[in-house]
Amino acid sequence: MSLLTILEYPDLRLRKRAERVEAVDDELRTLIDDMLETMYAAPGIGLAATQVNVQKRLLVLDVSEENDSPMAFINPEIEVLDPEPMGYEEGCLSVPGYFDLVQRPRKIRVRALDRDGMPFELEAEGILAVCLQHEVDHLDGKLFVDYLSILKRQRIKNKLLKDKKQNLAS
């Protein structure tokens, strides 16, 4: 397994819409394992393939306290079961160091393929629902900062660009 490079906002590659996975094979399973290793090392609770510059509809997550429940979702599709908004303070591995309140539907159902290509579905609420919606947004080219005001988004963008310039200079 190997650690992958996580793209950071405002990198335009994060805005690309991911394409459906056509074949679940050993190459894809290796990508899943690499994404999980990268997510745990970051550390984070979710990672979409687009965040590591792979334009496939694939995400991994683990919302367990012990980091012992990794899950992979291939070609995930979300259905809202309870549209009542729930606010949750979100962060993102592609927007390091920033957290803000985002409103998302309270309860969802997700249908996807697992790492063996077998279809499954599950209902989710709480942190699992938030994480799934956040990562599926990535697959659609959307970031959590898109839910924030234009002013907040611009401040975050400017700060991250400034930090990147300083890191390159040193």
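Using the rule -39500 (n - 2.57) for each DSSP H run of four or more residues, divided by the residues of the chain, the 222 nm mean residue ellipticity is -10000 deg cm²/dmol.
Considering only alpha-carbon pairs that sit under 8 angstrom and 6 or more positions apart, the relative contact order computed for the range 84-170 is 21 percent.
Over all directions, the projected convex hull of the C-alpha atoms in the range 81-170 averages 7.5 nm² in area.
Over the chain, Cα pairs under 8 Å with separation of 6+ residues give a relative contact order of 23 percent. Rounded to the nearest 20, the size of the Cβ-charge dipole of the chain about its Cα centre is 1260 debye, with Lys and Arg at +1 and Asp and Glu at -1.
Measure up K107/K164; K107/K142; K107/K162; K107/K159; K56/K162 against 28 Å on the Cα-Cα distance and list the ones that go over. As for pairs spanning more than 28 Å Cα to Cα, those are K107/K164; K107/K162; K107/K159; K56/K162. For the chain, modelled as a GNM with alpha-carbon contacts under 10 angstrom, which of A41, A72, A49 fluctuates the most? Looking only at A41, A72, A49, the largest GNM fluctuation is found for A41. For the range 1-88, the set of GluC sites (Glu not before Pro) satisfying both a DSSP loop assignment and a count of at most 12 other C-beta atoms within 10 Å is given as E22, E65, E66.
Split the accessible area of the range 1-112 by element, probe 1.4 Å, and carbon with sulfur accounts for 49%.
Using only alpha-carbon positions in the chain, the gyration tensor eigenvalues give semi-axes of 25, 20, 14 Å once each is multiplied by 5 and square-rooted (largest first). Which whole number in µm²/s is D for the range 123-170 by Stokes-Einstein, with the Kirkwood Rh taken over Cα pairs at 37 °C and 0.692 mPa s? Estimated via Stokes-Einstein, D reaches 258 µm²/s. First obtain the Kirkwood hydrodynamic radius of the range 37-91 from its Cα pairs, then insert it into the Stokes-Einstein equation at 25 °C and 0.890 mPa s, and state the resulting D in µm² per second as a whole number. After rounding, the answer is 190 µm²/s.
The values are calculated or read from the model by the stated rules, or taken from the named source; none is laboratory data. Here the structure is a predicted model, which means the values were calculated and not measured. Glycine gets a Cβ as well: all are built from the backbone with ideal geometry, and neighbour counts include every protein chain shown. Note: areas computed on protein heavy atoms with side chains; ligands, DNA, RNA excluded. Shrake-Rupley method; radii C 1.70, N 1.55, O 1.52, S 1.80 Å.
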